[in-house]
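Participant: Please see the structure below; I have some questions.
The values are calculated or read from the model by the stated rules, or taken from the named source; none is laboratory data. Quantities reported herein were computed from a predicted structural model and do not represent experimental measurements. Positions of Cβ are generated from backbone atoms using ideal geometry, with glycine treated the same way; all protein chains shown enter the neighbour counts. In case anyone asks, the SASA skips ligands and DNA or RNA and just uses the protein heavy atoms, side chains included. Shrake-Rupley method; radii C 1.70, N 1.55, O 1.52, S 1.80 Å.
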Amino acid sequence: FSFRKLWAFTGPGFLMSIAYLDPGNIESDLQSGAVAGFKLLWVLLLATIIGLLLQRLAARLGVVTGLHLAEVCHRQYQKFPRIILWLMVELAIIGSDMQEVIGSAIAINLLSVGKIPLWGGVLITIADTFVFLFLDKYGLRKLEAFFGLLITIMALTFGYEYITVKPNQEKLLQGLFIPYCQDCGTPQLEQAVGIVGAVIMPHNMYLHSALVKSRQVNRADKREVRDANKYFFIESCIALFVSFIINIFVVTVFAEAFFQKTNADVYQVCANSSSPHSSLFPNNNETLEVDIYKGGVVLGCYFGSAALYIWAIGILAAGQSSTMTGTYSGQFVMEGFLNLRWSRFARVLLTRSIAVTPTLFVAIFQDVEHLTGMNDFLNVLMSLQLPFALIPVLTFTSLPSVMHDFANGL
């Protein structure tokens, strides 16, 4: 084992792990904490482990073949199934990007104290395209360092919320390692399914299989290929462990502070703290429902305005980083499935426009307080698209004709 080698292979796994920290994930986390307390942490743990195994297969495909998943699909499949797969993955990318752009726009709205409307935040996030092009021009390592900075910001901001709220550690450990959900019903089951849909992103398999190609590997040397697979797997383990800890921060904060709270409880606290957002919560005894926007408001009411702004900074970092990796995914998918050879600027502009246009319409005709239903719908969309990514990656990595001596035996 060599730390020097591990550092050389470090980067693709952290870019891949951004998909485990996008605003859709954060919203799923906080809702599961508010609805089920600590009881669904084991679902988050299992989903992350399954995600790690799938990412390992996707990375192995890229390392061994020198082709990413979309390119292998183009080579192995006939035209009709190839087009169907491409359309399904594009749907997943658009749905994911909508969550990410809207998450960024909500964060901008919170940071500006409501002065910048949702559609204005969406327009601001379009600048991601130019940031992406600027950073990518100076090399992938610079881009990887930038994403590392954004992950650090998320860890610090959500870690601050965790320290402020001080969740019960005994309940945390029980929720993680006891696969049981006492007194759970339909709402908790829906959140459990939502966690899986939010954590395992279909297009992330395509992204990871492409990112590993950025490292030079002599594929004629089996030992070198085996080493690359080993170090990429170690890096993926580290990256997903960091993302898992950040997700734990969010779930446990809302499980400790807002599980079984009613709208009246929150209304009174917000009114007493002179919050301008107290009207968001009707003064009744219905169970509190939170999303990314209301979650920040509630934290501000209970723990001070600093908690609200730090929450918004974390959401902004999550949204900005995941929109850029979504753009990367769209670039690789379109390039691989359609065998296009466009300029980088044209590819990025097209893939970003496909996702941003429907998001902008939603932002114009929908206010910031009523987007939870759309987020739930998009998580369902992710779940429906998942098989269209899993079937190719599981199939190809088990074929000796594709993977040679590195085919998995499952």
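Participant: Which Cα, out of Phe3, Phe365, Ile246, lies furthest along the positive dipole direction of the chain (beta carbon charges, K/R +1, D/E -1)?
Facilitator: Checking the options against the dipole of the chain, the answer is Phe3.
Participant: Going by Cβ distance under 4.7 Å, what cysteines of the chain have no possible disulfide partner?
Facilitator: So far as the 4.7 Å Cβ criterion goes, Cys73, Cys237 stand without a partner in the chain.
Participant: Now a separate question. Got a sec to turn the phi values of the stretch 252-261 into Karplus ³J(HN,Hα) couplings, 6.51 cos²θ - 1.76 cosθ + 1.60 with θ = phi - 60°, whole Hz, x for Gly and Pro?
Facilitator: Along the stretch 252-261, the couplings run 6, 4, 7, 5, 6, 8, 10, 5, 6, 7 Hz.
Participant: Tilt of helix 292-303 relative to the longest C-alpha principal axis of the chain, in degrees (0 to 90, nearest 10)?
Facilitator: In the chain, helix 292-303 runs at an angle near 50 degrees to the longest axis.
Participant: Ignoring ligands, DNA and RNA, please state the percent of accessible area on the chain from carbon and sulfur, probe 1.4 Å.
Facilitator: 65
Participant: Kindly write out, for the stretch 95-100 in residue order, the coupling ³J(HN,Hα) from the Karplus curve 6.51 cos²θ - 1.76 cosθ + 1.60 (θ = phi - 60°), rounded to whole Hz, with x marking Gly and Pro.
Facilitator: x, 5, 5, 4, 4, 6
Participant: Test of understanding: given the chain, find the longest segment containing no trypsin sites (Lys or Arg not before Pro) that are in a DSSP loop and have at most 14 other Cβ atoms within 10 Å.
Facilitator: Between exposed loop sites, the widest span is 220-340.
Participant: Quick one: what are the phi-derived ³J(HN,Hα) couplings along the stretch 51-65, Karplus 6.51/-1.76/1.60 with θ = phi - 60°, whole Hz, x for glycine and proline?
Facilitator: With the stated coefficients, the stretch 51-65 comes to x, 4, 5, 5, 5, 4, 5, 4, 5, 4, 4, x, 5, 6, 8 Hz.
Participant: If you don't mind, another one. Between their Cα atoms, which of Lys171/Lys294; Lys142/Lys222; Lys39/Lys230 are more than 32 Å away from each other?
Facilitator: Numbers: Lys171/Lys294 25 Å; Lys142/Lys222 30 Å; Lys39/Lys230 34 Å.
Beyond 32 Å between Cα atoms: Lys39/Lys230.
Participant: I've got another one for you. Based on DSSP H runs of at least 4 residues, each adding -39500 (n - 2.57), what is the mean residue ellipticity at 222 nm of the chain after dividing by all its residues, to the nearest 500 deg cm²/dmol?
Facilitator: -25500 deg cm²/dmol
Participant: What angle do you read, to the nearest 10 degrees and between 0 and 90, between the alpha-carbon axis of helix 372-396 and the longest principal axis of the chain?
Facilitator: 20
Participant: Please identify the GluC sites (Glu not before Pro) of the stretch 250-295 that satisfy two criteria: DSSP loop assignment and at most 15 other Cβ atoms within 10 Å. Which are they?
Facilitator: Of the GluC sites (Glu not before Pro), the ones in loops of the stretch 250-295 whose Cβ has at most 15 other Cβ atoms within 10 Å are Glu286, Glu289.
Participant: If you don't mind, there's one more thing I want to ask. Could you calculate the FRET efficiency of Gln78 with Ser343 from 1/(1 + (r/R0)^6), where r is the beta carbon distance between them and R0 is 35 Å, rounded to 0.05?
Facilitator: Values: r = 29 Å, r/R0 = 0.83.
Calculated transfer efficiency: 0.75.
Participant: Now, a different point. When only DSSP loop residues count, what chymotrypsin sites (Phe, Trp or Tyr not before Pro) in the stretch 104-191 have their Cβ near at most 12 other Cβ atoms within 10 Å? Let's see the in-between values first.
Facilitator: Values: sites: Trp119, Phe130, Phe132, Phe134, Tyr138, Phe146, Phe147, Phe158, Tyr160, Tyr162, Phe177, Tyr180; in loops: Tyr138, Tyr180.
Of the chymotrypsin sites (Phe, Trp or Tyr not before Pro), the ones in loops of the stretch 104-191 whose Cβ has at most 12 other Cβ atoms within 10 Å are Tyr138, Tyr180.
Participant: To continue, here is another question. Go through the stretch 1-87 and name the chymotrypsin sites (Phe, Trp or Tyr not before Pro) that are in a DSSP coil and have 10 or fewer other Cβ atoms within 10 Å of their Cβ.
Facilitator: Phe1
Participant: If I take all pairs of Cα atoms in the stretch 3-406, what percentage of them are more than 42 Å from each other?
Facilitator: Details: 9284 of 81406 pairs.
So the pairs more than 42 Å apart make up 11 percent of the total in the stretch 3-406.
Participant: Which one, Leu85, Leu299, Phe38, is farthest towards the positive end of the dipole of the stretch 3-406 when Lys and Arg carry +1 and Asp and Glu -1 on their Cβ?
Facilitator: Checked the options; the winner is Leu85.
Participant: Could I ask something else about it? If amide H atoms are built 1.01 Å from N in the plane of the peptide, which residues on other chains or at least 5 residues away come under 5 Å of the amide H of Thr262?
Facilitator: Hits under the 5 Å cutoff: Leu288.
Participant: List every residue whose amide H lies under 5 Å from the amide H of Ser273, counting only residues 5 or more places away in sequence or on a different chain, with H placed 1.01 Å from N in the peptide plane.
Facilitator: HN-HN under 5 Å from Ser273: empty list.
Participant: Return, ordered by residue number, the residues of the stretch 192-216 whose backbone nitrogen is under 13 Å from a label point located 7 Å along Cα→Cβ of Ala8.
Facilitator: 215-216
Participant: To the nearest 10 degrees, how steep is helix 305-338 against the longest Cα principal axis of the chain, on a 0 to 90 scale?
Facilitator: With rounding to tens, the tilt is 30 degrees.
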